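A short reminder: the numbers here are calculations on the coordinates, not readings from a lab. All values reported here derive from a predicted model rather than from experimental measurement. So basically every Cβ, Gly included, is an ideal-geometry build from the backbone, and we count neighbours across all protein chains shown.
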Amino acid sequence: MVEVLDVQYVAFGQPDLARAEAFFVDFGLLVQHRGDGEILFRGHSDIQYCYVAVKSERSGPLAIGMRVASLTMLERAAQYPEASPVEEIDRPGGGYRVRLSSPDGLLFDLVHGVAPVEPIPMRDPLVFNQAVRKERKGDWQRAPMEPAGVLRLGHVALLTANFRENADWLTSRLGMRASDLLFDGDPSNPVGGFFHCTGTGDWTDHHTIAFFPADAAAVHHVSFEVQDVDAQFLGNKYLVSKGWRPLWGVGRHILGSQIFDYWFDPAGNVVEHFTDGDLVKPGAQPSLHQVSDDSLAQWGPPLPVANFLDRRVV
Ligand SMILES: [Fe+2]
């Protein structure tokens, strides 16, 4: 059995690398390496790179990198009929990968052994004085207005017209499990869902891969974790000040509970900042939820679910 630990990176085609760099630096990523026709971006954690912008005429997803615990697990994955052999990764940090094509034709890179990097210091999370618990005494809240300081890539949300086959594939190939399932009218026929990793055997993000129903397969958005709620709001204000195009937020989701905001990158791909997401224990029983305009957010600007899925601004 292959059980992924977490998502590690995404690679996206970008027609204008300079403009992509301008956006992602304002978004809170840092340039780790400029290679031949691609730029690697990192967050502040020890992960070598979490976003790869590849010079390409066409914009859009090229691969989703998922981390596994051992070379043995990669060798096991290489036995799947849709898998490449184990390959060396020709990028800084090295490591090995096996490329798998999902039922919707998306490339999943299972990776192991990419060398970590030294984390980059960032401000501590803010301490909140709650009504019944005052923990900040004689100190002020003065988070700076700056890019939102991404720590890591946290999840990837996909659109699919074929949820069941993709869900079976995630479960059987990557060892992932559903945290919550979405239905539209008939609870026995789920049309989407949120999946967590089981590889650590410990508390893990409520979702690392999500599927939403659609007419055709696509990446809906990729989401990066930031330090806290003030990083989220100040990062939002910073991106507005730079003239980048928002999609939605700031708000708080229901399934996963993340505080979120969504942005269009210069090529029109959607990226999200999040903080304060739920954790689940691997293998926790999924709940069923009807898709509706009220199913997306506990609070935040109103946005109909159809507009969210179509990535249309109201
Ligand atoms: Fe998300």
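Data table
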{"read-out": "Positive-end residue of 170, 189, 241, charge dipole of the range 154-247 with Cβ unit charges", "value": "241"}
{"read-out": "Environment charge at residue 272 (Cβ cut-off 14 Å; Lys +1, Arg +1, Asp -1, Glu -1)", "value": "-1"}
{"read-out": "Considering only the range 159-314, percent of DSSP beta bridges that pair antiparallel, nearest 5", "value": "70"}
{"read-out": "Kirkwood Rh (inverse of mean 1/r, distinct Cα pairs), the chain, angstrom", "value": "20.0"}
{"read-out": "Shape call, the range 188-282: gyration tensor on alpha carbons, a/c limit 1.5", "value": "oblate"}
{"read-out": "Dipole-positive endmost among 116, 220, 158 within the range 103-228 (Cβ charges, Cα centre)", "value": "116"}
{"read-out": "Kirkwood hydrodynamic radius (C-alpha pairs) into Stokes-Einstein, the range 137-178, 10 °C and 1.306 mPa s, D in µm²/s", "value": "109"}
{"read-out": "Percentage relative contact order, the range 70-119, counting C-alpha pairs under 8 Å, at least six apart", "value": "32"}
{"read-out": "q = 0.15, 0.18, 0.20, 0.23 Å⁻¹: log10 I(q)/I(0) that the Debye formula gives for the range 87-201, counting C-alpha atoms only", "value": "-0.93, -1.04, -1.14, -1.34"}
{"read-out": "The range 12-117: trypsin sites (Lys or Arg not before Pro) in DSSP coil with no more than 10 other Cβ atoms inside 10 Å", "value": "58"}
{"read-out": "Nearest-0.05 FRET efficiency for residue 215 and residue 34, computed from C-beta distance (R0 35 Å)", "value": "0.40"}
{"read-out": "Spacing of the two label points (7 Å from each Cα toward its C-beta) at residue 131 and residue 202, in nm", "value": "3.5"}
{"read-out": "Of 55/242; 134/237; 55/281, those spanning more than 31 Å from alpha-carbon to alpha-carbon", "value": "55/281"}
{"read-out": "FRET efficiency, residue 254 to residue 120 (Cβ-Cβ, R0 41 Å, nearest 0.05)", "value": "0.80"}
{"read-out": "Three-way shape call for the range 1-130 based on the alpha-carbon gyration tensor, with the a/c threshold at 1.5", "value": "oblate"}
{"read-out": "Relative contact order (%) - the chain, alpha-carbon pairs under 8 angstrom, separation at least six", "value": "18"}
{"read-out": "Backbone HN-Hα couplings from phi across the range 20-28 [Karplus 6.51/-1.76/1.60, Hz, Gly and Pro as x]", "value": "4, 5, 4, 5, 5, 5, 5, 6, x"}
{"read-out": "Under DSSP loop assignment and at most 10 Cβ neighbours within 10 Å, longest GluC sites (Glu not before Pro)-free interval of the chain", "value": "136-314"}
